[in-house]
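The values are calculated or read from the model by the stated rules, or taken from the named source; none is laboratory data. Keep in mind the model is a prediction, meaning the values are calculated, not measured. Glycine gets a Cβ as well: all are built from the backbone with ideal geometry, and neighbour counts include every protein chain shown.
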Amino acid sequence: MAGWDTATNMRLKLPLTCFILEIIIIILFGVLVQYDKETDAKKWHLEKKSENKSDYENDFYYRYPSFQDVHVMIFIGFGFLMTFLQRYGFGSVAFNFLISAFALQWATLMQGFLHGLHDGKIDIGVESMINADFCTGSVLISFGAVLGKTSPVQLLFMALFEVTLFAVNEFILLSVLDAKDAGGSMTIHTFGAYFGLMVARVLYRPNLDKSKQRNCSVYHSDMFAMIGTLYLWMFWPSFNSAITAHGDDQHRTAMNTYYSLAACTLSTFAMSSLTAHDGKLDMVHIQNAALAGGVAAGTAGEMMLTPVGSMIVGFLAGIISVLGFKYLTPILEEKLKIQDTCGVHNLHGMPGVLGAIVGAVTASLASREVYGDGLEDVFPEIAKGHLSASTQGFRQAISLGVTLGIALLGGIVVGFILKLPVCGAPSDAICFEDNIYWEVPEDSPSHGDQLASVRTEESEKLNS
Amino acid sequence: MAGWDTATNMRLKLPLTCFILEIIIIILFGVLVQYDKETDAKKWHLEKKSENKSDYENDFYYRYPSFQDVHVMIFIGFGFLMTFLQRYGFGSVAFNFLISAFALQWATLMQGFLHGLHDGKIDIGVESMINADFCTGSVLISFGAVLGKTSPVQLLFMALFEVTLFAVNEFILLSVLDAKDAGGSMTIHTFGAYFGLMVARVLYRPNLDKSKQRNCSVYHSDMFAMIGTLYLWMFWPSFNSAITAHGDDQHRTAMNTYYSLAACTLSTFAMSSLTAHDGKLDMVHIQNAALAGGVAAGTAGEMMLTPVGSMIVGFLAGIISVLGFKYLTPILEEKLKIQDTCGVHNLHGMPGVLGAIVGAVTASLASREVYGDGLEDVFPEIAKGHLSASTQGFRQAISLGVTLGIALLGGIVVGFILKLPVCGAPSDAICFEDNIYWEVPEDSPSHGDQLASVRTEESEKLNS
Amino acid sequence: MAGWDTATNMRLKLPLTCFILEIIIIILFGVLVQYDKETDAKKWHLEKKSENKSDYENDFYYRYPSFQDVHVMIFIGFGFLMTFLQRYGFGSVAFNFLISAFALQWATLMQGFLHGLHDGKIDIGVESMINADFCTGSVLISFGAVLGKTSPVQLLFMALFEVTLFAVNEFILLSVLDAKDAGGSMTIHTFGAYFGLMVARVLYRPNLDKSKQRNCSVYHSDMFAMIGTLYLWMFWPSFNSAITAHGDDQHRTAMNTYYSLAACTLSTFAMSSLTAHDGKLDMVHIQNAALAGGVAAGTAGEMMLTPVGSMIVGFLAGIISVLGFKYLTPILEEKLKIQDTCGVHNLHGMPGVLGAIVGAVTASLASREVYGDGLEDVFPEIAKGHLSASTQGFRQAISLGVTLGIALLGGIVVGFILKLPVCGAPSDAICFEDNIYWEVPEDSPSHGDQLASVRTEESEKLNS
């Protein structure tokens, strides 16, 4: 019994990791970070004077409501989506909270280094806050793949490295390749999913079936998960439009995403019922696949995808996603040894790739005929004549390849780092269990029994 | 046991219904729907140039935050409000999700036909998105009346017809009669409630008491329902003001609704305690009646109702609503054979009628003395001299009559359509039970027993 | 058994209190309250004409999204934060609802008397709505200290007096002393906490350990509480910035708060693990201490605190708060006889004082060098040359003293008022129990047993 207590005891590891990371961040913020010209009292008032602006034109009023929607998706959306496990609600929602609070600070620095430096300083404001939340979203997708099988220290390390690689990949796509990906089908979803799947592959647990009785939901945990699902679903239009250009761009992106999600929901319900032998709906599909329409509209959402185009994309995304949950997840686990707790491959991986392809095709069809002067906002390089539409489309496709490459390789390397015993991962028999890292109230009848049997098993192992 | 499985098996019915409906929608969108001038890249940039506008004047920034509040009310508010039933949480929140995702698409088309056509095309943007959500709200009110007693296929058909009738009624009220009803006391609440009550009447179940042990809450299901209640309560000011004119109108509507709800909450708590023999509060009242103030401010909220006027309206609405739950619901069930699961008559029906009357009276008192130039925004027909204030008030009253007529007749007709056996409704003994249409985790101790007894009963019936 | 039923029966007390309070409010609103120039149809249109304004410049668009975030914090944030108790979910979320609905109306009047009078009338609009919600927040903090041990009538009386004293204290700080406290470290948090602690002191219950088996959480009640925590955490940037000046001020305040909270979360997790002998995290800390960073940034958040300054403040707040929960709360209870149910001293008291000190120091360092012309928005008295920066800092410090004085004295007086037997407080043995004031579904297995034993105890006491 004492055996696993020692290994997973976080008393020194977790405080040390948190304190060191936070102190490094504070030092770097002190040295490098400053208010941008919309948040700094002096600079904003100079700007107002020199450009004859009103306080009402501060970007706060045109980005902050979207930011808050994104923020809710990160903390409530992702957090509660993962609470479906019967005995891992605390870990789901609170580790989500911890790694998000860390990742958004670290992302401010990493993204700032790569595309926010002004005179050697990182300028921050509401736009950097949104970008940091986006990067955090990617980490949370990877978290979904390893949910229930990792210690908080492992998760913090994963976030540390993943945020860094995310910023590099994002820099290559947006600044080197001039690709468009406002809602992050590639940078956020594809990256987060395949990175997480590779980490899960490296951390493969051959005896995970010892924990399988906890790797499922109970009635109320499914209800909590629906809170997450619905917030993600409702606010996805804000997510995809949060950093697009002002005016028609934000407006159109939000609306495209809204219709993609609506169509996706109908195909998800249809496929969930169709693929069950008795026609009964499966909450796993509703909670997850109904969101694939938002993922798949992440790249093309800001383009002139048309309402009907958005619906077709969402419709297909829902079908693909349910089929993935039903038929691909077992194959991934058995053949490829990838134990994907939340099925992020089905919600973020495949729909992300679909979204990247749709984005590449839509970009390659861009013309001044269709976009008018709006072409400058959506495809500035095409509008300036630097790129042809087909080259833009080609670069979008290349971007998907780059993203997959960095995600897969990065995930493998980081997976091996997380294998270090010092990280305090739980053993195969006590996965999906809050009691390892949390003081848990003793109310669940099944709880005592389960842990008792786990402890017995563990102590037998130690004695033998 | 196989008996009810066959009847309610959704494996073909639900996918077929979803696919056919979604494909029809996609085709109609492809043929008829286009971006409006605020979401289309080319048109917006032309508009900007010709009218010397800034991107900051795109309507996105003045409607989208309200839209998102309304969106939360539809999916979280209505969805969770109905999760109070102990064994119908999945059905409540997820069927709410399904029919909303369908209804908002269908409403875009139906409302577009009737008042959004431009050169044979339906123009869409954030305002049509809000209107579609409003129409969806009406369907969800009707859903409340039949909650737990209908299959998802029945619900989709109900939504199909109800959305269509809603659009017709809305057209008559707003375009033919020039009535004002920004928050939908008539178009949304009165219509949705009486339509749903008629459907419930036609679908009357004489042996519903066989399911009565599940037609009540458990402790945590009441907690989930409070999530729905509070989101509806908090965001109702956004709902009533979402499509009123910009400036003072939106501002005033939100504030009137806020004070109406606050006063309503106090009268609800008072009446709940007063009508209980031991003075104990009843969660059903708190969850529902406290919202009646928002319903009752739906028509007059944009008018110069004054803060104190709003409070009086809310105060009365709370009293009426609790009395309805306590004394009228049993009468409706026993005498009129209307089994109103959520008591929508008390939350939406009576307060909706009250709101319509308050609106008619307030409108008949309108004058340039009170509204100044604002009269053109609130009552354009009076401002232009086309109508007198008393005629406006009279037309508001006529509108209530029209709404009741269409709702009652429509509900009866649609009720008979839903009776078709092909829809797969559950039998009287297995209402309010998720297990019919959902894969349900086997965690609830009562669950196994209940279903076992249901199954035994059913198989006995089949054997006999 | 009948004994406690009679004492706590609310059938007359609660309706009477609610009706009398609401009728007084309605009369006062009728006599005193009117639309302000942004909500009144006539006045707004005159203003538009005379100042050549557009409807888009109505303050609704620049305050209402923040208002709604604050509103969610009040009703969902505070409401669900307090649902952690296993048998007090209804009371937590619904009494929170009741007293908030009352307090926001009463606060409109009290704050209006003291700083909103125009020609003898109280002008109201979105800014007064935010201020009323702020005042309500203070009452809810005090509610946290007495949670589970008070009747709804006691709570309404507490709100009545606390709102009044809050308005007086706020008037002294902001209008007499010209102190700055946009996010309310002093006016809201310090005031609410120490007021509530004094009320709890006066209402000390020597035999509260008879209810201790219910003074703790169960698994799902902790999950509900996390909903409250996360909404408070996410929307705190909106709270602190809701009434600061437009432009850079709102923007900077939101961002400072965001980073303070992020850093606070990491120090909270670290301290929670460090202070547990087995390194296991404690949900109480995560639910509460992670929010201390928002409290501590309440005064200085609008100042040029710098991002790194905000992080240091949040980092310290998290440490102080966890240490308070771990070591100070037991001392308060045993030595000072203050039974602080939610630990408001750790979440609002100490971090509020820290925030006041940080505000005083930051204010004393203000200069035109750093703020440029923005000095006029943040420190108008310094900008006008009426005060030096160090005097401003000194007045901030004085304000903390005034706040503590009024809160402590006021709390004692109000505590004695609440002791009146007519209020219907529960006895020591039936605290933290919904069944006293609510119709509770009979589903919890522990519920029947607990109440049975309580009843037996009580009837034994009556018989003896």
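Values for this structure:
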item: Any hit, segment A:107-122, residues being under 30 Å from C:Pro380 (Cβ atoms), more than 10 Å from every other protein chain (Cβ to nearest Cβ), touching a strand residue (DSSP E or B) at 6+ places or on another chain (Cβ under 6 Å) and not in a helix (DSSP H, G or I); result: yes
item: Options B:Leu46, B:Leu98, B:Leu104: the member that is over 25 Å from B:Cys342 (Cβ atoms), at the interface with another protein chain (Cβ under 8 Å from one of its Cβ atoms) and either in a helix (DSSP H, G or I) or in contact (Cβ under 8 Å) with a residue 12 or more places away in the chain (or both); result: B:Leu46
item: Sole residue being crowded, with 24+ Cβ neighbours inside 10 Å, within 27 Å of B:Ile227 (Cα to Cα) and touching a residue at least 40 places away in the same chain (Cβ under 8 Å), chosen from C:Ser217, C:Ser238, C:Ser267; result: C:Ser238
item: Filtered residue count, segment C:277-288, keeping only those that are in a helix (DSSP H, G or I), more than 15 Å from the chain's Cα centre (by Cα) and either surrounded by 24 or more Cβ atoms within 10 Å (Cβ to Cβ) or without any contact (Cβ under 8 Å) to a residue 60 or more places away in the chain (or both); result: 4
item: Set B:Ile172, B:Ile227: member being over 16 Å from the mean Cα position of the chain (by Cα) and over 21 Å from B:Ala289 (Cα atoms); result: B:Ile172
item: In segment B:98-142, residue nearest to the chain's Cα centre (by Cα) [restricted to those that are closer than 12 Å to B:Ala159 by Cβ and of a type in the set (S, T, N, Q)]; result: B:Ser138
item: Criterion violated by B:Ile26 - all others in (1) free of Cβ contacts under 8 Å to residues at least 60 places away in the same chain; (2) surrounded by 17 or more Cβ atoms within 10 Å (Cβ to Cβ); (3) not in a helix (DSSP H, G or I) satisfied; result: (3)
item: Tabulated pairs, segment B:358-383, first at pLDDT 95 or above, second assigned to a loop (DSSP other than H, G, I, E, B) and surrounded by fewer than 22 Cβ atoms within 10 Å (Cβ to Cβ), C-beta under 6 angstrom, 6+ apart or interchain; result: B:Asp377/B:Ala245; B:Glu381/B:Asp178; B:Glu381/B:Leu387
item: Condition broken by B:His71, with the remaining ones in (1) at pLDDT 95 or above; (2) more than 7 Å from chain A (Cβ to nearest Cβ) satisfied; result: (2)
item: Matching residues in segment A:31-71 - criterion: being farther than 18 Å from B:Asn58 by Cβ, hydroxyl-bearing (Ser, Thr, Tyr) and crowded, with 22+ Cβ neighbours inside 10 Å; result: A:Tyr35, A:Thr39
item: Flag if B:Ile26 is at pLDDT 95 or above, facing chain A (nearest Cβ under 7 Å) and closer than 18 Å to A:Pro307 by Cα; result: yes
item: Residue match in segment C:84-93 (condition: within 7 Å of another protein chain (Cβ to nearest Cβ) and farther than 13 Å from C:Asp434 by Cα); result: no
item: Sole residue being closer than 18 Å to A:Leu140 by Cβ and either touching a residue at least 24 places away in the same chain (Cβ under 8 Å) or outside any helix (DSSP H, G or I) (or both), chosen from A:His345, A:His386; result: A:His345
item: Selection count, segment A:407-428, where residues are crowded, with 20+ Cβ neighbours inside 10 Å and assigned to a helix (DSSP H, G or I); result: 7
item: Exclusive hit being closer than 28 Å to B:Ile130 by Cβ, assigned to a helix (DSSP H, G or I) and within 7 Å of chain B (Cβ to nearest Cβ), set A:Ser273, A:Ser267, A:Ser260; result: A:Ser267
item: Qualifying position, being surrounded by fewer than 22 Cβ atoms within 10 Å (Cβ to Cβ) and part of a helix (DSSP H, G or I), among A:Val313, A:Val353, A:Val308, A:Val295; result: A:Val308
item: Residue count, segment C:172-210 (criterion: within 17 Å of C:Thr136 (Cβ to Cβ), assigned to a helix (DSSP H, G or I) and of a type outside the set (Ser, Thr, Tyr)); result: 9
item: Test: C:Ser273 is without any contact (Cβ under 8 Å) to a residue 24 or more places away in the chain and touching a Leu at 6+ places or on another chain (Cβ under 8 Å); result: yes
item: Failed item in (1) out of contact with any Gly (no Cβ under 7 Å at 6 or more places or on another chain); (2) more than 7 Å from every other protein chain (Cβ to nearest Cβ); (3) not hydroxyl-bearing (Ser, Thr, Tyr), with C:Pro65 passing the rest; result: (2)
item: Out of C:Ala289, C:Ala317, sole residue that is more than 9 Å from chain A (Cβ to nearest Cβ), hydrophobic (A, V, I, L, M, F, W, C) and touching a Phe, Trp or Tyr at 6+ places or on another chain (Cβ under 9 Å); result: C:Ala289
item: Flag for C:Asp36 being at the interface with another protein chain (Cβ under 8 Å from one of its Cβ atoms), over 17 Å from the mean Cα position of the chain (by Cα) and more than 30 Å from C:Pro441 (Cα to Cα); result: no
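Conditions tested, residue by residue: (1) over 24 Å from A:Met198 (Cβ atoms); (2) at pLDDT below 95; (3) buried (at least 17 other Cβ atoms within 10 Å of the Cβ); (4) among the small types (Gly, Ala, Ser).
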residue	(1), (2), (3), (4)
A:Ser390	yes, no, no, yes
A:Gln396	no, no, yes, no
A:Gly405	no, no, no, yes
A:Glu433	yes, no, yes, no
A:Ser444	yes, yes, yes, yes
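So that you can scan it fast, the table gives a plain yes or no per residue for (1) of a type in the set (Gly, Ala, Ser); (2) within 21 Å of the chain's Cα centre (by Cα):
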residue: A:Ser310; (1), (2): yes, no
residue: A:Glu333; (1), (2): no, no
residue: A:Gln339; (1), (2): no, yes
residue: A:His348; (1), (2): no, yes
residue: A:Gly352; (1), (2): yes, yes
residue: A:Ala366; (1), (2): yes, no
residue: A:Asp373; (1), (2): no, no
residue: A:Phe379; (1), (2): no, no
residue: A:Gly385; (1), (2): yes, no
